[in-house]
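> Take a look at this one; I'll ask things after.
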Amino acid sequence: MITTESKITDWSSGADIFRCAHCGGSLQSSSESTSLFCPSSGHDFPIEDDVLIARRFVSDNNKVAVDFYNSPLWPKFRFWEWFTFLCNGGERRSRDKVLRYLPKQSGLKLLDVAIGDGVYLDWLPADWSVVGIDVSTVQLEACRKRAGKRDLKLILGEAEDLPVQDGRFDAALSIGGFNYFNDPEKALREMVRAVKPGGTIVVSDEIPNLTDRMIFRKIGLPGVDRWIVSKLFKLGDDFTDMVEKYRTLDVQAIAERVLPGCRYERIWMGVGYVLVGQVPE
Ligand SMILES: C[S@@+](CC[C@H](N)C(=O)[O-])C[C@H]1O[C@@H](n2cnc3c(N)ncnc32)[C@H](O)[C@@H]1O
Ligand SMILES: [Zn+2]
């Protein structure tokens, strides 16, 4: 539910940045602002609880993410994220290691892919306009509450199929979801498509093989580490299996294919990475 402290989005302005999933046409707002529609194909995209519904159902890894981030497990696991940030000087300082790569430009148009509950929104300049996309309705609802009066449009949809027109954003940001997107490479290509030539792409996550550092794996007891991650850290069985499956994901190779010459830097005492690239002119 939207509270009175949160701003209700003005969907009538700027609806044309959104793209129809069926024909690629620009969307327009309906007179009652309960949906955006595509004049070319006649498709309607509902707005529910101030969130534009571009895609309601997802599969594979993205479904594992939906089930996890819509569940009570994520707030419990988040303690460990917070603890990692604490060991790196606190959450704001840790996140600044990523956010500092966004252009310092007034009125910046930012696309946040996998925005979650938008915990860092308050740390972004108030005059930036943000479009945030995520697969989790629970996270988007929390994000709306947190956003207060800033210019923010939220979309339920997938990173791999961004429902936005080409080149409309100054920058795209994605923190904390990239490794386990159904198709990280496709998602990165989508971010490049959405950002104008010369614009900036910033992607960050933990290193995919982080669990290699755990102690029991080193002494031949990987099952104990699995139990710790799934049950003690509260990642749950399905997400833990996914983490295990993608341990060898080569983020640098993906980045090099999509954004040749981009920068890859290890952060948070080596447990995280940040990719920074410029969309070719
Ligand atoms: C660890 S949270 C990070 C949220 C936020 N960016 C932050 O740094 O706090 C990961 C988010 O990615 C979202 N997510 C996972 N897969 C996604 C996908 N394929 N497309 C869009 N969002 C996705 C999840 O729902 C979740 O909100
Ligand atoms: Zn259409």
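> Among the numbered conditions (1) away from ligand 2 (no atom under 16 Å from the Cβ); (2) surrounded by 17 or more Cβ atoms within 10 Å (Cβ to Cβ); (3) under 28 Å from P260 (Cβ atoms), tell me where G198 comes up short.
Looking at each condition in turn, G198 falls short on (2).
> Looking at the structure I just gave you, is R150 of a type in the set (K, R) and either crowded, with 23+ Cβ neighbours inside 10 Å or not in a loop (DSSP other than H, G, I, E, B) (or both)?
So R150 does not fit the description; no.
> When you go through A142, A126, A147 one by one, which is the residue that is aliphatic (A, V, I, L, M), modelled with pLDDT under 95 and on the phi < 0 side of the Ramachandran plot?
After applying the criteria, what remains is A147.
> Do we find that D166 is within 16 Å of ligand 2 (Cβ to nearest atom), of a type outside the set (A, V, I, L, M, F, W, C) and more than 22 Å from F57 (Cβ to Cβ) in this structure?
yes
> May I ask you to list the residues in the range 15-49 that are under 24 Å from the mean Cα position of the chain (by Cα), surrounded by fewer than 20 Cβ atoms within 10 Å (Cβ to Cβ) and of a type in the set (D, E, K, R)?
Once the filter is applied, which keeps residues that are under 24 Å from the mean Cα position of the chain (by Cα), surrounded by fewer than 20 Cβ atoms within 10 Å (Cβ to Cβ) and of a type in the set (D, E, K, R), the range 15-49 yields D16, E48, D49.
> With respect to D183, determine if the residue is under 15 Å from V58 (Cα atoms), surrounded by fewer than 19 Cβ atoms within 10 Å (Cβ to Cβ), within 12 Å of ligand 1 (Cβ to nearest atom) and touching a residue at least 24 places away in the same chain (Cβ under 8 Å).
Criteria not met by D183.
> Give the residue, chosen from V192, V224, V164, that is within 20 Å of V274 (Cα to Cα) and of a type in the set (A, V, I, L, M).
After applying the criteria, what remains is V192.
> Conditions first: (1) touching a residue at least 40 places away in the same chain (Cβ under 8 Å); (2) within 12 Å of the chain's Cα centre (by Cα); (3) assigned to a loop (DSSP other than H, G, I, E, B). L102 passes all but one, so which condition is the exception?
So the condition that L102 fails would be (2).
> Give the residue, chosen from A142, A114, A147, that is out of contact with any His (no Cβ under 8 Å at 6 or more places or on another chain) and within 24 Å of D166 (Cβ to Cβ).
A114
> In the range 8-19, which residue that is in contact (Cβ under 8 Å) with a residue 40 or more places away in the chain and either more than 11 Å from ligand 2 (Cβ to nearest atom) or part of a loop (DSSP other than H, G, I, E, B) (or both) is nearest to G157 (Cα to Cα)?
I17
> Check D67, D96 and return the single one that is of a type outside the set (F, W, Y), more than 23 Å from W11 (Cβ to Cβ) and touching an Asp or Glu at 6+ places or on another chain (Cβ under 8 Å).
Going through D67, D96 in turn, the sole match is D67.
> Across the range 50-87, what is the number of residues that are more than 14 Å from ligand 1 (Cβ to nearest atom) and surrounded by 14 or more Cβ atoms within 10 Å (Cβ to Cβ)?
1
The values are calculated or read from the model by the stated rules, or taken from the named source; none is laboratory data. Small disclaimer: the values here were computed from a predicted structure and weren't measured. Cβ atoms come from the backbone with ideal geometry, glycine included; neighbour counts cover every protein chain shown.
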